[in-house]
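Following: one structure in structure tokens, then a few remarks.
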Amino acid sequence: MRAERIAPREALAIVAGLCEALQYAHDQGVVHRDIKPENVLVDRAGRVRILDFGIARLTLGDDAGEALTRTGQVVGTPLYMAPEQWRAPLAVDHRADIYALGVVLYELLTGELPVGRFPVPSQRVAVDVRLDEVVLRALEREPERRFQSARAVGEELAAAAPHDAAPADDPQGPSADAAADDSADATPRGAHAVRSRAQERRKRQRLRAAAQRNQAAAPGFADRLGISRNPADRPLRVTLWLLTALCVAAALAVLLTLTDDRGAERSIPVQLQSGLPR
């Protein structure tokens, strides 16, 4: 994590706003299908806005099931897509956005993506263990086992969010103006940090993939000979090496034989001349 990592409190504030924005979109019958940090904007007042409805899907009205645009075949970002979105991208409902919301929540809390067998957030950062249940439920593979609305996610986050006690000399706690100022200062930096980390992580992944491709494409001696590197083909490789050695030995034997024959031909005239009477 970088020095400007998002504190859990700020992360939860961003996700809470994202839940409200998603709930409004879902109430209008719109499924975004590409929720990720790059598509979330937080203004200086701390308001969360969702960007890029280019592959959104309508679920209400006469145009239900239609995409808002048809500019390409991409239907989401792989690391944020729900399992059903891979199988039937045109048939998903709002619960696909709930899955992506869980990915964003996990990424904001830990700085990592929930790939494979991932640890729960409380094992990475100091957060309430109740947040583990929120993340795991949002990331359920079956839509029926997830939260059924973004509002429900927001309510669970509000219950698990940390609450600091007010100072003794100020029983009313910090003023609303001060809280608004803190939100205006911290939230945009946090959202920018998330987007920056996501971009850097994808850049590193692309560099690693390019290096692996280059290494795999570099031909070795066995590749130039057309010999497989598969361990199962080891007997075949041994046979090919033996045949190569036999061919080299045969070529050397032929070369030595030709050399001996030429030496014998040069010695015959000398012997005849030495045997003539004077």
_Residue match in the range 122-136 (condition: buried (at least 22 other Cβ atoms within 10 Å of the Cβ) and under 18 Å from Val31 (Cα atoms))_ = no
_Just to be sure I understand, how many residues within the range 4-27 are in contact (Cβ under 8 Å) with a residue 40 or more places away in the chain, surrounded by fewer than 16 Cβ atoms within 10 Å (Cβ to Cβ) and either closer than 15 Å to Val104 by Cβ or among the aromatic types (Phe, Trp, Tyr) (or both)?_
1
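For Leu105, indicate whether it is part of a helix (DSSP H, G or I) and in contact (Cβ under 8 Å) with a residue 40 or more places away in the chain. Quick ask: steps written out before the conclusion?
Numbers: part of a helix (DSSP H, G or I): yes; in contact (Cβ under 8 Å) with a residue 40 or more places away in the chain: yes.
In short, yes.
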*Can you confirm whether the range 4-27 contains a residue that is modelled with pLDDT of 90 or more, in contact with a Gly (Cβ under 6 Å, 6 or more places away or on another chain) and closer than 17 Å to Ala152 by Cα?*
yes
*Quick one: Ala45 ticks every box in (1) modelled with pLDDT of 60 or more; (2) in a loop (DSSP other than H, G, I, E, B); (3) within 26 Å of Pro114 (Cα to Cα); (4) of a type in the set (Gly, Ala, Ser) except a single one, so which number is it?*
(3)
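Being modelled with pLDDT of 90 or more and under 17 Å from Ile14 (Cβ atoms) narrows it down to one of Pro121, Pro162, so name that one.
It is Pro121.
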*Limited to the range 82-93, what total is found for residues that are hydrophobic (A, V, I, L, M, F, W, C) and touching a residue at least 40 places away in the same chain (Cβ under 8 Å)?*
2
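The values are calculated or read from the model by the stated rules, or taken from the named source; none is laboratory data. The structure displayed is predicted, hence computed values, not measured ones. Positions of Cβ are generated from backbone atoms using ideal geometry, with glycine treated the same way; all protein chains shown enter the neighbour counts.
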